[in-house]
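Working notes, structure below.
The values are calculated or read from the model by the stated rules, or taken from the named source; none is laboratory data. Keep in mind the model is a prediction, meaning the values are calculated, not measured. A quick note on method: Cβ atoms are made from the backbone with ideal geometry, for glycine too, and the neighbour counts reach across all protein chains shown. The protein model used for the area step is the full one, side chains on, heavy atoms only, and it has no ligands, DNA or RNA in it. Shrake-Rupley method; radii C 1.70, N 1.55, O 1.52, S 1.80 Å.
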Amino acid sequence: MWLWQALPAPGDNREKTHISQDCEVMGYVISGRAELHVDGKAIDLRPGDSWVVPTGALHSYRILEPLTAIKTSHPPAGQIY
């Protein structure tokens, strides 16, 4: 679990590179706004919203307002079993 803080890039309206991860990623927005792109959908994330990105799903984020969120992954990212 980690605290994620991000700022919008000035004039950033270009298409983002999508990534996939070998873990499920979940999050909760504390403040600010972001747009999550996953499975061909754009999802607006605002304070109080939570999200899940399934394992292997191509996704990207676009920060719309200074963002503070909590993110976690399952299994924990970087953990060796």
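Using beta carbons and a limit of 6 Å, which pairs, at least six apart or on different chains, have the first residue in the stretch 44-72 and within 22 Å of Ala9 (Cα to Cα) and the second one among the polar types (S, T, N, Q) and open to solvent by 40 Å² or more (accessible area, probe 1.4 Å)?
Pro47/Ser31; Leu58/Ser20; Thr68/Gln5; Thr68/Ser31
Taking the stretch 37-71 as the region of interest, how many residues are open to solvent by less than 40 Å² (accessible area, probe 1.4 Å) and more than 13 Å from Ser20 (Cα to Cα)?
Residues flagged as open to solvent by less than 40 Å² (accessible area, probe 1.4 Å) and more than 13 Å from Ser20 (Cα to Cα) within the stretch 37-71 amount to 7.
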